Amino acid sequence: MPVAGVGPLPDRAAWTEVVTRRAPGLDVTIGITEREMVAFHAMNPVPRRVREVPVPGSALAADGVEHAAREFAFARPSRKPAVQLSEGARVWAYRFDAAAPDSVFGAAHCIELRFLFGTDVDWADAPMLAGARPQDIESLGRRVCPAWLGFIRTGTPTTDTPWPQHTAHSSSTYHWQAEAPWSRDTCPMHRRRLRT
């Protein structure tokens, strides 16, 4: 994780000054995923055991810890520059919420990359896509790619539904979700299960 004041990054005061000076005319998209932190602990047996403790609220407590960690490590650090940049730049914020039905990861860190880079073959064994049907992945990809390409071409994401700008006065966040809940893929040739 980048740290202010540790090369090559400037300290916070210098960074704020540079952002304020250079923001006008920039187009920025910044985002997170719904379960950013899960990729860092899902395979760790300790958090998994906490969820399985037969005590009311243990899973809820584990979810709360995960949410707090996401807020601390990803959400808050992305909101702050989004607001600072929006003083002069055009900023679009997003949260990627789509998750495969059999994945222990859910909408984990970097899941949106599948919809931007590579081919089905490149991602065939990705545990974060466990149980997703190829047609569900393709359907979401047909919405994600044009949005990013529109942003690259024009500075504005192209989406079927409105994606308002993120400003200091309106912290609009576009949520990437499947059009319908993803179905489990029952085809043995497509089925990918995470082995634990």
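Rolling a 1.4 Å probe over the protein chains gives Thr20 an accessible area of about 90 Å².
Go through His175, His41, His169 and list them by solvent-accessible area, largest first, probe radius 1.4 Å.
Details: His175 80, His41 50, His169 180 Å².
Correct descending sequence by accessible area is His169, His175, His41.
Measuring with a 1.4 angstrom probe and ignoring ligands and nucleic acids, Met128 comes out at about 40 Å² accessible. Compare Asp102, Asp122, Asp27 in a GNM of the chain, Cα atoms joined below 10 Å, and give the one with the largest fluctuation. Answer for the Gaussian network model of the chain: Asp122. Could you check which residue among Pro77, Pro162, Pro101 shows the biggest mean-square fluctuation in a GNM of the chain with a 10 Å Cα cutoff? It is Pro162. The residues of the chain present an accessible area of 60 Å² per residue when probed at 1.4 Å with all protein chains retained. The helix-based estimate of mean residue ellipticity at 222 nm for the chain, built from -39,500 (n - 2.57) per DSSP H run of four or more residues and divided by its residue count, is -10500 deg cm²/dmol to the nearest 500. The distance between label points at Val46 and Asp63 comes to 2.3 nm (points 7 Å beyond Cα on the Cα→Cβ vector). Regarding segment 49-157, what is the average projected area of its C-alpha convex hull, in nm²? Its average projected convex-hull area is 8.8 nm². For the chain, DSSP calls about 15 percent of its internal beta bridges antiparallel.
The values are calculated or read from the model by the stated rules, or taken from the named source; none is laboratory data. Keep in mind the model is a prediction, meaning the values are calculated, not measured. Methodologically, a virtual Cβ is constructed for each residue, glycine included, from the backbone with ideal geometry; neighbour enumeration extends over all protein chains shown. When the accessible area is computed, the model is the full protein with side chains, heavy atoms only, and any ligands, DNA or RNA have been set aside. Shrake-Rupley method; radii C 1.70, N 1.55, O 1.52, S 1.80 Å.
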